[in-house]
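*Asks:* Just dropping this structure here.
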Amino acid sequence: MDVKIGAIDTCKPPHTDVGCLPTVNAVTIHNPAVPFNSPESTLGRHLARRLVQVGVTDVFGVPGDFNLTLLDHLIDEPGLNFVGCCNELNAGYAADGYARARGVGACVVTFTVGGLSVLNAIAGAYSENLPLICIVGGPNSNDYGTNRILHHTIGLPDFTQELRCFQTVTCYQAVVNNLEDAHELIDTAISTSLKESKPVYISISCNLPGIPHPTFSREPVPFFISPRLSNKMGLEAAVEAAAEFLNKAVKPVIVGGPKMRVAKACDVFVELADASGYAVAVMPSAKGMVPEHHPHFIGTYWGAVSTAFCAEIVESADAYLFAGPIFNDYSSVGYSLLLKREKAIIVQPDRVTVGNGPTFGCILMKDFLAALGKRLKHNPTAYENYRRIYVPEGHPLKCEPKESLRVNVLFEHIQRMLSGDTAVIAETGDSWFNCQKLKLPKDCGYEFQMQYGSIGWSVGATLGYAQAAKEKRVIAFIGDGSFQVTAQDISTMLQCGQRTIIFLINNGGYTIEVEIHDGPYNVIKNWNYTGLVDAIHNGQGKCWTTKVRCEEELVEAIETATETKKDSLCFIEVIVHKDDTSKELLEWGSRVSAANSRPPNPQ
């Protein structure tokens, strides 16, 4: 039969538009009829085709006896590649990273032992509003409703433990143990993930993927997700109130937040900045969503640890619009932001609050920002004030010959590596703060996991992002403590032929936790990290490793990684002093520590 899936490149959304469906003819169906009882009219094939339709070309997972038959059908799909990972947690992290670059990700694990292992990664994707399809190979359909005890369970004749765990970290759960409603459940799950921009859970009984059924006898019709619409009257009222609020301000600013991605409002935010002339900042978790080469960009607003002169402009403004913010204890630096609600317009994906009120619901952020831009007076006062007080950043002290490498010197060299053909992945820890200070060139990708902050996330996320965005060279910054959690999937990167550059920051422990609350538990056993990666390499694939202790060695390592080893996975272990941290982490750690140690309120 002649069935052609259109080029995925035509439907691949930019990394800021998670969950976008193809807006062009991504699927071309030449012969929609599949004869009933054909080997192709099966549940497994339907699921595989659906994944390809929405833009998934790589599925990450770990084989287990309950998902083996399903995996047979997934790998038989010409447009789909199975990437076997070393453990389920990393498979989930890889699907997370893939979703950031491609717009949607998928992973496949086995019942309970696999499902509960991947659960932490799914929770992280939920917190970051990422469409992620978690597929679990479930028990034989005949075992449901019996008193049988199965392996891979806790020894009770109750198969719902895994489902109940996933209910709190997914927006939809489908347990497919009957072919009659399998088509509906699978389609509903995938479309809900795209619509809500959240993970979903699909459990498929292990005996069903290869059985033909009439509901699968035609090619799946491409999804059409009904677009959400703003309430027109509410939109007009919200725009009028916001425009009046901002137009009477003397030095207003706008700040982009992480929920701009799920609201698909990054482009209209930039249009608003162009139209208004306001100074433009981003919250730390929105770095990479707003072009930093914008003429009015002033940096990252992160309270006391903002980039230079940014906090002074934002907090002294008489009006500020926050688009898609998340104000938690980390982003607010221990609840220490000097912001006043009466000065703020808070724009969430479907709601707008002006000052202390009123609030307008059923309004899409992208519609609101687009309409607001047409009503604002051009006012560059805040940016002009920024230009008056701005002093160019200095440079780190010059290293003496063979002097121990300092982290600020490291990142001065990293800055020169960045281009539109690179993407930065920053692990939880001091890399958060050092990478925030990087100035991203046009089209340079940037990702980190601030809301959930799970150490070890970056290894799997780097694997997934690099697999989805093969046109970019990923540069990952991973602390030694985080690397020890998930190091194994360096193996999968090699197997996939990836050419990532990993900077392993070896400072002997959990430095971010040292600055919050120190103790002997923050010191970890030192590994021979390059030796470990060499052992994983084992002569298979392209891999180059080196240790760096001084600036001269760093310069040589970067030159090798970007020239003679540009087609290899490059692992550069950077050995620095245990107390060599950014000044921002020192400030942030003390404030978060104070917030954590608040005494109980009087009863």
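The values are calculated or read from the model by the stated rules, or taken from the named source; none is laboratory data. Quick caveat: nothing in here was measured; it's all calculated off a predicted structure. All Cβ positions, even for glycine, are placed from backbone atoms using ideal geometry, and neighbour counts span all protein chains on display. Remember, those area values only see protein heavy atoms, side chains included, never the ligands or the DNA or RNA. Shrake-Rupley method; radii C 1.70, N 1.55, O 1.52, S 1.80 Å.
*Asks:* Which residues, taken from region 281-291, are more than 14 Å from Gly445 (Cβ to Cβ) and free of Cβ contacts under 8 Å to residues at least 40 places away in the same chain?
*Replies:* Selection gives Ala281, Val282.
*Asks:* Continuing with this model, one more query. Can you name the residue in region 503-544 that is open to solvent by 30 Å² or more (accessible area, probe 1.4 Å) and assigned to a strand (DSSP E or B) and, of all such residues, is farthest from Val592 (Cα to Cα)?
*Replies:* Only one residue fits best here, namely Trp544.
*Asks:* Here's another thing I want to ask about it. Restricting to region 308-327, what's the tally of residues that are farther than 14 Å from Ala286 by Cα and either open to solvent by 10 Å² or more (accessible area, probe 1.4 Å) or not in a loop (DSSP other than H, G, I, E, B) (or both)?
*Replies:* Residues in region 308-327 being farther than 14 Å from Ala286 by Cα and either open to solvent by 10 Å² or more (accessible area, probe 1.4 Å) or not in a loop (DSSP other than H, G, I, E, B) (or both): 12 in total.
*Asks:* Being within 17 Å of Ser205 (Cβ to Cβ), assigned to a helix (DSSP H, G or I) and not acidic (Asp, Glu) is the filter here; which residues of region 114-144 pass it?
*Replies:* Of everything in region 114-144, those that are within 17 Å of Ser205 (Cβ to Cβ), assigned to a helix (DSSP H, G or I) and not acidic (Asp, Glu) turn out to be Gly114, Gly115, Ser141, Asn142.
*Asks:* Within region 360-379, identify whether any single residue is surrounded by 15 or more Cβ atoms within 10 Å (Cβ to Cβ), within 25 Å of the chain's Cα centre (by Cα), within 27 Å of Ala595 (Cβ to Cβ) and in contact (Cβ under 8 Å) with a residue 12 or more places away in the chain, and answer yes or no.
*Replies:* Checking region 360-379: not a single residue is surrounded by 15 or more Cβ atoms within 10 Å (Cβ to Cβ), within 25 Å of the chain's Cα centre (by Cα), within 27 Å of Ala595 (Cβ to Cβ) and in contact (Cβ under 8 Å) with a residue 12 or more places away in the chain.
*Asks:* Within region 383-396, is even one residue on the phi > 0 side of the Ramachandran plot, out of contact with any helix residue (DSSP H, G or I) (no Cβ under 6 Å at 6 or more places or on another chain) and not acidic (Asp, Glu)?
*Replies:* no
*Asks:* Another question, then. So, in region 264-286, how many residues would count as being in contact with a Gly (Cβ under 9 Å, 6 or more places away or on another chain), closer than 26 Å to Tyr452 by Cβ and of a type outside the set (S, T, N, Q)?
*Replies:* Going through region 264-286 one residue at a time, the tally reaches 8.
*Asks:* May I ask you to verify whether Val280 is within 21 Å of Gln436 (Cα to Cα), more than 26 Å from the chain's Cα centre (by Cα) and open to solvent by less than 10 Å² (accessible area, probe 1.4 Å)?
*Replies:* no
*Asks:* Would you confirm whether any residue within region 482-493 is in a helix (DSSP H, G or I), of a type in the set (D, E, K, R) and either more than 22 Å from Val59 (Cβ to Cβ) or over 22 Å from the mean Cα position of the chain (by Cα) (or both)?
*Replies:* No; the residues of region 482-493 include none that is in a helix (DSSP H, G or I), of a type in the set (D, E, K, R) and either more than 22 Å from Val59 (Cβ to Cβ) or over 22 Å from the mean Cα position of the chain (by Cα) (or both).
*Asks:* Against the definition (touching a strand residue (DSSP E or B) at 6+ places or on another chain (Cβ under 9 Å), at pLDDT 95 or above, open to solvent by 40 Å² or more (accessible area, probe 1.4 Å) and closer than 28 Å to Lys437 by Cβ), how does Lys343 come out, yes or no?
*Replies:* Judged against the criteria, Lys343 is a match.
*Asks:* Anything in region 214-236 that is over 30 Å from Glu77 (Cα atoms) and either hydroxyl-bearing (Ser, Thr, Tyr) or open to solvent by less than 40 Å² (accessible area, probe 1.4 Å) (or both)? List them, or say none.
*Replies:* Ser230, Gly234, Leu235
Results for (1) under 25 Å from the mean Cα position of the chain (by Cα); (2) open to solvent by 70 Å² or more (accessible area, probe 1.4 Å); (3) among the hydroxyl-bearing types (Ser, Thr, Tyr), shown as yes or no for each residue.
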{"position": "Thr546", "(1), (2), (3)": "no, no, yes"}
{"position": "Leu554", "(1), (2), (3)": "no, no, no"}
{"position": "Ile572", "(1), (2), (3)": "yes, no, no"}
{"position": "Ser582", "(1), (2), (3)": "yes, no, yes"}
{"position": "Trp588", "(1), (2), (3)": "yes, no, no"}
{"position": "Arg591", "(1), (2), (3)": "no, yes, no"}
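*Asks:* Within the bounds of region 489-499, is there any residue that is crowded, with 22+ Cβ neighbours inside 10 Å, of a type in the set (A, V, I, L, M) and touching a His at 6+ places or on another chain (Cβ under 9 Å)?
*Replies:* Scanning region 489-499 turns up at least one residue that is crowded, with 22+ Cβ neighbours inside 10 Å, of a type in the set (A, V, I, L, M) and touching a His at 6+ places or on another chain (Cβ under 9 Å).
*Asks:* Next question, about the same structure. Quick one: Lys578 ticks every box in (1) under 30 Å from Arg598 (Cβ atoms); (2) assigned to a loop (DSSP other than H, G, I, E, B); (3) out of contact with any strand residue (DSSP E or B) (no Cβ under 9 Å at 6 or more places or on another chain) bar one, so which box is it?
*Replies:* The number of the failed condition is (3).
*Asks:* Given Arg591, Arg598, which one is among the basic types (Lys, Arg) and assigned to a helix (DSSP H, G or I)?
*Replies:* Every option except Arg591 fails the conditions.
*Asks:* Tally time: how many residues in region 449-463 are farther than 17 Å from Ser568 by Cα and either open to solvent by less than 10 Å² (accessible area, probe 1.4 Å) or polar (S, T, N, Q) (or both)?
*Replies:* 9
*Asks:* Name the residues in region 102-122 that are closer than 15 Å to Ser197 by Cβ and touching a residue at least 60 places away in the same chain (Cβ under 8 Å), would you?
*Replies:* Arg102, Gly103, Val104, Gly105, Ile122
*Asks:* Against the conditions (1) hydrophobic (A, V, I, L, M, F, W, C); (2) open to solvent by less than 20 Å² (accessible area, probe 1.4 Å); (3) touching a Lys or Arg at 6+ places or on another chain (Cβ under 9 Å), where does Ala304 fall short? Just the number, please.
*Replies:* Checking Ala304 against (1) hydrophobic (A, V, I, L, M, F, W, C); (2) open to solvent by less than 20 Å² (accessible area, probe 1.4 Å); (3) touching a Lys or Arg at 6+ places or on another chain (Cβ under 9 Å), the one that fails is (2).
*Asks:* Next question, about the same structure. Out of the residues in region 173-186 meeting the condition of being touching a Phe, Trp or Tyr at 6+ places or on another chain (Cβ under 8 Å) and open to solvent by 20 Å² or more (accessible area, probe 1.4 Å), tell me which one is farthest from Thr42 (Cα to Cα).
*Replies:* Among residues in region 173-186 that are touching a Phe, Trp or Tyr at 6+ places or on another chain (Cβ under 8 Å) and open to solvent by 20 Å² or more (accessible area, probe 1.4 Å), the one farthest from Thr42 (Cα to Cα) is Gln173.
*Asks:* Condition first: open to solvent by 30 Å² or more (accessible area, probe 1.4 Å) and not basic (Lys, Arg). Now tell me which residues in region 237-262 satisfy that.
*Replies:* Ala237, Glu240, Glu244, Phe245, Asn247, Val250, Val262
*Asks:* Further question on the same structure: Is at least one residue of region 128-137 at pLDDT 95 or above, among the polar types (S, T, N, Q) and surrounded by fewer than 17 Cβ atoms within 10 Å (Cβ to Cβ)?
*Replies:* no
*Asks:* Right, next: Every residue in region 303-353 that is in contact (Cβ under 8 Å) with a residue 60 or more places away in the chain, within 19 Å of Leu376 (Cα to Cα) and over 22 Å from the mean Cα position of the chain (by Cα), please.
*Replies:* Passing the criteria: Val314, Ala317, Asp318, Ala319, Tyr320, Leu321, Ile345, Val352.
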